Amino acid sequence: MTAAALSLELQGSIAIITIDLPNEPVNKFSALVIAEFDAMLNAIEGNSAVRAAVLISGKPDVFIAGADIDAFLEFKSAGDAETASASGHRMMARLENSRVPVVAAIHGACLGAGLETALACAYRIASDHPKTVLALPETQLGLIPGAGGTQRLPKVVGLQVALDMILTAKNVRAKKALQSGLVDELVHPSILREIAIARANALAAGTLRGRNRKKLGLMGSLLEGNALGRAIVFRQARKMTLKKTRGSYPALPAAISAVEAGYQGPATRGYATEARLFGEMAMTAVSRELIFLFFATTSLKKDSGVVGASPAPLPIAQVGVLGTGFMGAGIAAVAAMQGIPVRFKDMKHEQVGRGIAAVRAVLQDRLKKKQITRQQFDDQLSLVSGTIDYTGFGNVPLVIEAVFEDLAVKHQVLAEIETVLPRSAIFASNTSTIPIAQIAEGAPHPENVIGMHFFSPVQKMPLLEVIVTPRTAPEVTATTVAFGRKLGKTVIVVNDAPGFYVNRILAPYINEAGRMLDEGVAIEVIDRAMLEFGFPVGPITLLDEVGLDIAGKSGAIMSKAFGDRLQPSASLGQVLASGRLGRKSKRGFYLYDAAGKKGGVDESVYALLPTGTRRTELAADEMRHRCPLAMVNEAVRCLEEKIIRSPRDGDIGAVFGIGFPPFRGGPFRTVDFVGASEVVRQLEAMNAKHPGRFMPCDLLVSMARDGKRFYPATGKPV
Ligand code: NAI
């Protein structure tokens with residue numbers, strides 16, 4: 001017998017049901033929990049002394065975090081998943097129609113099936129606390145809400161708000177939830193239970209009714225109150241979804257259809273449609289890949305970064321940042337956002353002032369978006385102080401260096417700071433191209449030197465590459481990884497080599513896009529092909545964004561290290577030589593207005609390219625596969641060379657660092673999906689056309705020969 005998730009306590013005529021899954025950090029929904037709910041409802045409905053109930057969580061900061069995702073792996077067919085959804089429907093209907101009205105007392109994460117449970121309750125109270133967030137995140141896993149969410153949510157918050165919540169999967173904070181009618185009441189967390197009991201008593205006495213239906217404004221009722229208006233809303237939602245995702249995420253249109261079915265005929269039709277579509281979506285390759293990414297990020301969070309027995313990470317209570325430029329300011333901002341004091345150092349007072357102003361701008365943006373309060377803004381900004389000498393660095397346990405990309409400057413700051421820092425302090429470099437071992441050369445404590453490669457803009461990009469050398473001490477790695485995670489980053493640990501991992505696999509992808517330009521393919525055609533593959537921006541747009549000078553410098557380093565295979569395109573060199581730097585100079589492959597807003601292709605750039613203004617077209621298959629194939633081959637080579645430690649890290653790095661299409665899972669998942677032998681065949685065909693650059697790497701060839709995969713074909717992928 002496993003311990004029960006639900007427990008019951010009677011307070012007068014009120015049943016207080018506490019959900020607290022034993023041996024689990026969060027509450028999750030599963031077939032077992034549903035069975036317990038059934039039994040609990042039997043018990044309280046059968047007890048005539050019970051007149052109302054409260055559902056509350058026993059976990060500190062979680063109400064119910066959603067369904068147990070492990071259980072999704074057990075579905076063998078769409079029918080299995082449909083049946084699971086239908087059993088969720090039955091339970092929610094029992095809750096909704098019970099003679100005992102239930103008050104949901106929500107504190108902490110109320111997600112997915114958790115919110116669907118709350119929606120089936122008669123009244124919802126949320127704690128006014130930053131940890132309280134409500135969402136239906138199923139579409140992020142390639143699924144649709146399966147326990148009645150597509151049916152009950154629109155009735156509660158209105159059609160447009162519901163579609164927005166379901167399609168974006170976004171978190172709704174407590175205050176916003178009150179405004180939209182998602183919850184009926186907001187209270188201080190300390191009185192949540194007490195007020196919930198009072199409201200249950202009022203429900204029992206018939207003196208309170210949940211709002212349970214949002215009052216729509218005039219425009220809202222015009223649109224949502226009649227079939228014609230709703231048809232416009234649904235059409236618009238489908239159009240927007242298609243435009244944004246190019247049809248790559250089938251759960252989005254499926255969710256719209258499920259919501260729509262709820263308005264067409266009896267309620268049973270809506271629920272049946274939801275269950276059917278939930279079943280269908282559970283079998284899609286897209287859902288499989290998105291669930292893989294969920295498991296991969298979860299397992300990465302538990303990874304210390306050290307192979308074998310891992311030393312405990314040291315606490316990092318403050319951090320020093322050298323260089324207050326673009327990256328230094330971003331790093332300081334994310335540290336301050338986590339409540340970590342930052343000591344800034346640059347060469348001149350103006351530069352320090354500019355750095356602090358840049359941190360302020362990042363925090364101000366969060367304040368404007370209501371992500372932080374005025375008080376938090378003031379507190380976080382006050383954590384950042386600056387100097388032009390090294391005062392205030394005497395007790396700093398970790399310094400992140402973000403000075404110019406110049407080995408001599410990096411050596412100079414390392415030599416200077418070594419005399420100031422405590423003996424055990426970690427020196428982390430944010431270099432994008434210089435090998436960490438070279439930076440560590442000559443350092444008195446090379447075991448304390450490590451790479452922390454952040455991506456720009458630091459406050460937005462989720463990935464952090466931690467780079468270790470053979471000399472980096474394990475406790476330095478464990479501490480740096482733990483600190484990166486504290487900054488909210490997804491952290492992969494990679495070995496020291498030119499380009500590390502992310503820039504290494506980006507290089508051939510960008511080079512191939514450039515070579516297509518060399519051959520005369522139109523700029524927008526190349527970008528469109530990669531948008532259609534699923535990248536968030538096209539490679540030529542990316543070049544403009546990163547800066548042609550930076551791309552040129554990195555391209556030169558990569559071709560020096562890896563020879564002809566990673567030789568940059570002639571087009572990039574020629575456009576760069578003309579003085580165009582991309583967006584920052586407002587001159588690149590695209591046009592930019594005075595405010596830096598991107599327009600169409602700058603046709604005048606073609607005169608700078610090898611084929612001049614003469615345009616050509618490539619076969620559709622080559623357009624679609626050439627850049628991604630080059631990236632995938634290089635990613636597998638990185639695994640072969642032990643730059644990355646696992647396919648999991650390689651997939652996470654590509655998805656979170658470059659925007660490799662999440663619905664494809666990453667380069668290694670793509671190989672498994674397509675099959676190693678088919679990938680080798682495609683590479684060989686491409687190599688015949690473009691000799692030398694597409695030679696399949698040894699690992700791919702041997703996997704193709706032996707019919708192997710990177711991940712197990714069934715069960716939990718990582
Ligand atoms: P930046 O030019 O904006 O900032 C560099 C700052 O370092 C300047 O404020 C400069 O005054 C300061 N500095 C130079 N010498 C110094 C010294 N001896 N002591 C103290 N401060 C000194 O450069 P950015 O873009 O912030 O790059 C910094 C580092 O981050 C480089 O190593 C770069 O390769 C790396 N990086 C840059 C990325 C990007 O997208 N810009 C992405 C990832 C890494």
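General observations
- 5 Å binning of all Cα-Cα separations within the stretch 319-495, expressed as whole percents from 0 upward: 1, 9, 19, 22, 22, 15, 7, 3, 1, 0
- The stretch 547-677: Rg to Rh, with Rh as the Kirkwood radius over Cα pairs: 1.02
- Against the rule of thumb 2.2 N^0.38 Å, how large the Cα Rg of the stretch 106-155 comes out: 1.12
- All Cα pairs of the stretch 224-344, percent lying beyond 20 Å: 69 percent
- Applying the Kirkwood pairwise sum to the alpha-carbon positions of the stretch 278-404 produces a hydrodynamic radius of 17.1 angstrom.
- Counting Cα-Cα pairs of the stretch 45-88 in 10 Å increments starting at 0 gives whole-percent bin shares of 20, 29, 30, 20, 2.
- Fewest-first sequence of 362, 409 by Cβ atoms within 10 Å of each Cβ: 409, 362
- Taking the square roots of five times each eigenvalue of the Cα gyration tensor of the chain, the equivalent ellipsoid has semi-axes of 47, 32, 25 Å, listed largest first.
- Equivalent ellipsoid semi-axes, the stretch 146-185, via Cα gyration tensor eigenvalues times 5, rooted, Å: 16, 12, 9
- Unit charges at the beta carbon, dipole of the stretch 575-718: most positive-side option, 707, 676, 592: 592
- Principal-axis analysis of the Cα atoms of the chain puts helix 227-245 at an angle of about 30° to the longest axis.
- Antiparallel content of DSSP bridges confined to the chain, in %, to 5: 25 percent
- For the chain, the longest principal axis of the C-alpha atoms and the axis of helix 548-562 are separated by about 70°.
- Sites listed here are GluC sites (Glu not before Pro) in the stretch 352-438 whose DSSP assignment is loop and whose Cβ has at most 12 other Cβ atoms within 10 Å, and the list is empty.
- When the GluC sites (Glu not before Pro) in the stretch 640-718 are filtered for DSSP coil states and for at most 15 other beta-carbon atoms within 10 Å of their beta-carbon, the remaining sites are 641.
- The stretch 454-505: C-alpha gyration tensor shape, a/c 1.5 cut-off, then a/b vs b/c: oblate
- Computed [θ] at 222 nm, deg cm²/dmol, the chain (DSSP H ≥ 4; -39,500 (n - 2.57); rounded to nearest 500): -15000 deg cm²/dmol
- Panel order for 626, 515, by other beta carbons found within 10 Å of each beta carbon, from fewest to most: 515, 626.
- DSSP-loop trypsin sites (Lys or Arg not before Pro) across the stretch 215-324, with at most 15 other Cβ within 10 angstrom: 215, 246, 302
- Translational D in µm²/s for the stretch 45-149 (Stokes-Einstein at 10 °C, 1.306 mPa s, Kirkwood Rh from C-alpha pairs): 109 µm²/s
- Take 328-334, 181-187 and order them by the average number of nearby Cβ atoms within 10 Å per residue, most first; the result is 328-334, 181-187.
- As a proxy for reagent exposure, ranking 637, 645, 209 by other Cβ atoms within 10 Å from fewest up yields 209, 645, 637.
- Cα gyration tensor, the stretch 6-283 - rounded (a/c under 1.5), prolate or oblate: prolate
- For the stretch 6-283, size of Cβ-based charge dipole, Lys and Arg +1, Asp and Glu -1, in debye: 1280 debye
Only the coordinates and a few stated rules stand behind these numbers; no lab work does. Remember, it's a predicted structure, so these values are computed and weren't measured experimentally. Neighbour counts run over all protein chains shown; Cβ positions are idealised from the backbone, glycine included.
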